[in-house]
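For reference, the structure is listed below as structure tokens.
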Amino acid sequence: MELSPATGIADAQTVLGVSRSLSGRHWRQAKVDDRLIASLCRDLDVPDMLARLLVKRGVDPALAHDYLNPSLKSALPDPSTLVDMDKAAARIADAIVSGEKVAVFGDYDVDGATSSAVFKRYFMALGRELTIYVPDRMTEGYGPNEPAFRLLAEQGHRLIITVDCGIGAHQPLAAAAQAQIDVIVVDHHLPTADLPQAFAIVNPNRRDDNSHQGMLAAVGVSFLVLVAINRHLRQCDGFRSLGVAEPDLRRLLDIVALGTVADVVPLTGVNRALVSAGLKSLETRPHPGLEALMTVSGVPPGDERKPTTYHLGYLLGPRVNAGGRVGRSDLGARLLASDDPAEVQLIAQELDLLNRERQAIEALVLEQAMVQAARDPDAPLALAVGHGWHPGVIGIVAGRLKERFGRPAMVIALDQGFGKGSGRSVPGINLGRIVQAAVERGLLLAGGGHAMAAGLSVAEDRLADLCTFLTKGVGDETMAGGEPWLDLDGVVGVGGAGLALARALERAGPFGAGNAEPRLAIAKARIAWADIVGQQHVRCILTGPEGGRLSAIAFRSVDTALGQGLLRAQGRDVHLAGNLRVDHWQGQARVQLLIEDAALI
């Protein structure tokens with residue numbers, strides 16, 4: 001398959017005349033005020049491309065310096081702006097001072113593991129015990145359940161904190177209240193119209209919450225709860241009565257950053273500051289569990305270590321997740337909460353092995369799901385359903401389908417008359433809202449999520465109705481968005497796509513959901529050489545008419561039009577679109593282009 005020619009008449013918005021690229025998208029670039037760009041270049045002493053990026057992302061010029069230097073001092077909100085925060089903090093603080101037995105009930109994914117771990121570490125710093133309970137994905141399912149609460153009550157726990165779950169657990173929480181167990185829900189998932197019965201519910205996505213912090217992951221909400229507890233203990237002289245120093249909550253930020261990135265919440269506002277600070281901590285003094293996990297993940301040690309959101313989201317996060325997906329659900333939380341070098345080493349190695357097992361299971365499910373989704377390439381939703389698929393990998397498979405087909409994806413695993421589904425979305429389509437609408441329509445047993453990711457449970461006899469509803473919901477939002485397009489942040493030649501530019505653009509990070517890596521067009525690049533690396537990737541060497549040489553790679557593209565086109569375009573000129581990324585190897589820094597799209601000149 002050949003690369004599609006770049007056609008169309010260039011105008012103020014079209015980039016390099018590409019109106020229909022190989023992926024069928026129109027390349028466009030938002031109009032910006034060149035005078036404002038020049039002003040930022042002068043005031044901040046930054047290159048044009050970085051100033052252009054700031055303007056396009058709507059950064060207030062008066063706040064641009066702070067944006068390039070994110071700090072918690074300026075970004076962290078007052079925890080008390082969240083509904084029920086002060087009530088929850090006072091109850092937990094009183095339990096700590098009195099020595100009451102407390103448990104945290106966490107979800108089995110990275111957000112749940114990190115949320116559980118920061119609470120555990122906070123209690124440890126105060127010389128108190130905290131029980132971590134993580135349900136088994138296969139036998140208990142998602143969220144609080146009555147047998148687990150009964151067990152914790154029998155062990156003497158009268159206060160249970162649910163993290164990254166609980167907002168939809170109406171029956172278990174009602175049973176806990178009946179048994180005189182205080183439950184504090186610390187969550188971020190979208191609630192139904194009626195809240196469950198609980199002592200306190202701290203969730204910035206409550207309909208009566210006006211904190212404007214709904215973008216926080218559960219671990220971010222948990223961190224704010226700890227800030228509030230710290231403040232309460234300080235005000236009531238609790239640290240003196242405990243005989244301990246006030247904990248330095250900044251030491252938890254590497255764990256907070258991991259959960260924030262892995263849960264794919266927008267890296268804007270306070271999330272951006274949390275992750276920025278966490279990456280610095282990860283580089284210099286990570287917790288023992290994270291240190292062990294980075295070692296087994298192949299993250300360079302010592303002075304060569306320059307952790308990024310890529311490492312958190314694609315190397316560390318999947319391994320923490322592997323315990324909950326195909327192994328023991330509490331492994332991730334135990335790893336992150338432990339200071340025992342021998343224990344964390346063993347857990348990290350086990351998680352690495354479980355991750356390999358997860359990858360093998362994922363490959364089998366992905367192969368079958370790809371076949372299903374490819375049957376209707378024009379459908380707005382990439383949908384796949386299978387009996388016997390492991391529910392621990394369906395979220396990852398949904399992410400792969402989204403990447404492959406460029407549209408939202410939902411993967412549903414069926415077993416014994418019920419289905420568990422996991423979905424991933426693309427910018428502009430709020431999948432969590434669509435799933436919540438399915439809940440309110442009565443199509444689901446349970447469901448929720450946020451804009452970019454969602455999960456659900458469905459009875460098999462309602463599956464057909466659900467698929468129709470989801471497909472229509474995504475289709476309606478897709479139609480509202482208009483023609484397929486690819487937004488670009490700037491245009492540069494091969495000679496200009498060097499280390500200096502890549503490092504300058506890094507200052508707008510950390511990058512992730514809601515703050516995507518800058519996407520550049522590389523104009524008139526000649527593919528001097530291209531081949532297949534591994535089994536799915538196409539790598540290239542690019543040269544430019546003005547000079548320069550650039551390494552490039554298109555991941556998982558061999559069986560796509562993009563990959564085949566690149567392989568056949570050796571010796572030809574193309575326009576490319578993608579991300580410049582700095583790669584650190586053996587003490588050397590080099591630049592690589594991650595190719596996302598292409599068009600023949």
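Nothing in this text is a laboratory measurement; each read-out follows from the coordinates by a stated rule. Just so it is clear, the model here is predicted, and its values are computed rather than measured. So basically every Cβ, Gly included, is an ideal-geometry build from the backbone, and we count neighbours across all protein chains shown.
For segment 488-600, with only Lys/Arg (+1) and Asp/Glu (-1) charged at the beta-carbon, what is the dipole magnitude about the Cα centre, in debye rounded to 20?
About 200 debye.
Within segment 483-556, report the trypsin sites (Lys or Arg not before Pro) that DSSP leaves as loop and that have at most 16 other Cβ atoms within 10 Å.
Filter output for segment 483-556: Arg507, Arg556.
For segment 55-69, take each phi angle, set θ = phi - 60°, evaluate the Karplus expression 6.51 cos²θ - 1.76 cosθ + 1.60, and give the result in whole Hz per residue in order, putting x for glycine and proline.
Listing the rounded values in order: 5, 5, 8, x, 6, 4, x, 5, 10, 4, 4, 5, 4, 6, 10 Hz.
Can you give the percent of C-alpha pairs in segment 267-354 whose distance is more than 22 Å?
24
Let a ≥ b ≥ c be the square roots of the eigenvalues of the Cα gyration tensor of segment 433-512; is it rounded (a/c under 1.5), or, if not, prolate (a/b larger than b/c) or oblate?
Prolate, because a/c is 1.5 or more and a/b exceeds b/c.
Counting Lys and Arg as +1 and Asp and Glu as -1, each charge on the Cβ, what is the dipole of segment 77-350 about the Cα centre in debye, to the nearest 20?
340
Tell me which of His387, Val397, Gly417 sits at the most positive position along the dipole axis of segment 375-482, charges placed on C-beta atoms (Lys, Arg +1; Asp, Glu -1).
Comparing the listed Cα positions along the dipole, Val397 ranks first.
Mind running the shape call on segment 77-350? Use the C-alpha gyration tensor, a ≥ b ≥ c as the square roots of the eigenvalues: rounded below 1.5 for a/c, prolate if a/b tops b/c, oblate otherwise.
It is rounded, given that a/c, with a ≥ b ≥ c, falls under 1.5.
Among [x] 31.1; [y] 26.9; [z] 28.2, which one is mean projected area of the Cα convex hull in nm² computed from these coordinates?
Structure-derived value, by its label: [y].
Identify, among Ala177, Thr309, Pro191, the residue whose Cα sits farthest towards the positive end of the charge dipole of the chain, taking +1 on the Cβ of Lys and Arg and -1 on the Cβ of Asp and Glu, with the dipole about the Cα centre.
Projecting each Cα onto the dipole axis, the largest value belongs to Thr309.
Round to a whole angstrom and tell me the spacing of the C-alpha centers of segment 51-84 and segment 214-268.
19
Among bridges DSSP assigns within the chain, what percent are antiparallel (round to 5)?
The antiparallel proportion sits near 60 percent.
Each residue of segment 26-37 in order: what ³J(HN,Hα) in whole Hz does its phi give by Karplus 6.51 cos²θ - 1.76 cosθ + 1.60, θ = phi - 60°, with x for Gly and Pro?
Using θ = phi - 60°, the values come out as 8, 7, 9, 9, 5, 5, 9, 8, 4, 5, 5, 4 Hz.
Rounded, prolate or oblate for segment 161-289? Axes are the square roots of the Cα gyration tensor eigenvalues, ordered a ≥ b ≥ c, and the cut-off for rounded is a/c under 1.5.
oblate
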